[in-house]
Amino acid sequence: MNNTAKRVKSVLITGGTSGFGLELARVLLNREWVVVVMGRSIPGFQTNEHRFSFFKADFSNLAETAKVAEKICKYHSFDVIVDNAGVLSPPDFRMTGDNLEYTFQVNFLAHLLLNELIVSGCHRDIQLKIAAIVSPVYKIAGKDLVATPVKSEYKPYKAYSNSKLYLALMCSYLPAKYKNLRLNCFGFNPGVFRSGIYRNQKPWFRIMYKIAAPFMRNPAKIAGKLADLIEDNSVLSGSIYTSRKKPAPVPSMESLTAELFWKDCYKDLQKYL
């Protein structure tokens, strides 16, 4: 008889205190995973489950994000990171305390920082899988790859679609950067569903969203689809999946443009790495 205990797998979910991230946390807890969530507020459900941990962090503050990541790494190593936290771009141009455009930092750059810190600080000789939550709009983003958006050129839809494209591009960039590690990075395009992503929008938008929300897809069902992908060993790194598990390649970019983009991104992160 084999008495070897099955190793319990561990996941870190950003934006895991509400909406889609919270539903994913519930699904994976039910599947016996150790679940760690990061978020701006207390999780939307109570549990005494010893496999669940919460760390408060605001992605609009890179120093805080790095500090919390360091704290997490003292207690955990992960099989999976889910880059889920995000906002629908504010109607007006907004800067963070790090002097960066708000959507760019919260949706993308803070995740890049977190992933780098986890890879270097928490990774323990096991295959690490990173799932980046993109959106259908990544397909309509511009290919100029602007790492420092400016006020005069700000358009909310562009800021949001660009941030999701950058997450998608990260899914091919990180595995190429860390060829010596067993790193699998893929994007997940969940489509349109009910969420609280509209929190920075004007009152009329929030009212309209709440009216439409009952007719949108249930995030719990989509969370189950992503959980299946997370547990699927055949998922292809550098691909974008939908809830139907149909992969598409990460968009290709002109090499020099991409090189300069990543260089600019890491310039903003250097003091935290």
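The values are calculated or read from the model by the stated rules, or taken from the named source; none is laboratory data. This one's a predicted model, so the numbers in the text were calculated from it and none came from an experiment. Heads up, the Cβs are rebuilt from the backbone with ideal geometry, glycines too, and the neighbour counts pull from every protein chain shown.
Annotations for the structure displayed:
- Positions within the range 239-273 being in contact with a strand residue (DSSP E or B) (Cβ under 7 Å, 6 or more places away or on another chain) and not hydrophobic (A, V, I, L, M, F, W, C), in sequence order: Ser239, Tyr241, Thr242, Pro247, Pro249
- Residue within the range 54-67 that is modelled with pLDDT under 95 and either in contact with a helix residue (DSSP H, G or I) (Cβ under 6 Å, 6 or more places away or on another chain) or assigned to a loop (DSSP other than H, G, I, E, B) (or both) present: no
- Single match in His111, His50 (criterion: without any contact (Cβ under 8 Å) to a residue 12 or more places away in the chain and either buried (at least 19 other Cβ atoms within 10 Å of the Cβ) or in a loop (DSSP other than H, G, I, E, B) (or both)): His50
- Flag for Glu49 being at pLDDT 95 or above and on the phi < 0 side of the Ramachandran plot: no
- Inside the range 121-161, residues that are polar (S, T, N, Q), modelled with pLDDT of 90 or more and surrounded by fewer than 18 Cβ atoms within 10 Å (Cβ to Cβ) make up a count of 1.
- Checking the range 9-26 against the condition returns a match, with at least one residue being farther than 28 Å from Leu273 by Cα, buried (at least 18 other Cβ atoms within 10 Å of the Cβ), modelled with pLDDT of 95 or more and out of contact with any Ser or Thr (no Cβ under 7 Å at 6 or more places or on another chain).
- Residue check for Ile118: at pLDDT 90 or above and under 15 Å from Gly15 (Cα atoms): no
- Hits in the range 77-96 (condition: surrounded by 18 or more Cβ atoms within 10 Å (Cβ to Cβ) and under 18 Å from the mean Cα position of the chain (by Cα)): Phe78, Asp79, Val80, Ile81, Val82, Asp83, Asn84, Ala85, Gly86, Val87, Leu88, Ser89
- Subset tally (residues that are touching an Asp or Glu at 6+ places or on another chain (Cβ under 6 Å) and among the β-branched types (Val, Ile, Thr)) for the range 41-100: 0
- Some residue of the range 198-218 being part of a helix (DSSP H, G or I), buried (at least 16 other Cβ atoms within 10 Å of the Cβ), touching a Leu at 6+ places or on another chain (Cβ under 6 Å) and modelled with pLDDT under 95: no
- Residues within the range 71-93 that are within 17 Å of Lys9 (Cα to Cα) and small (Gly, Ala, Ser), tallied: 1
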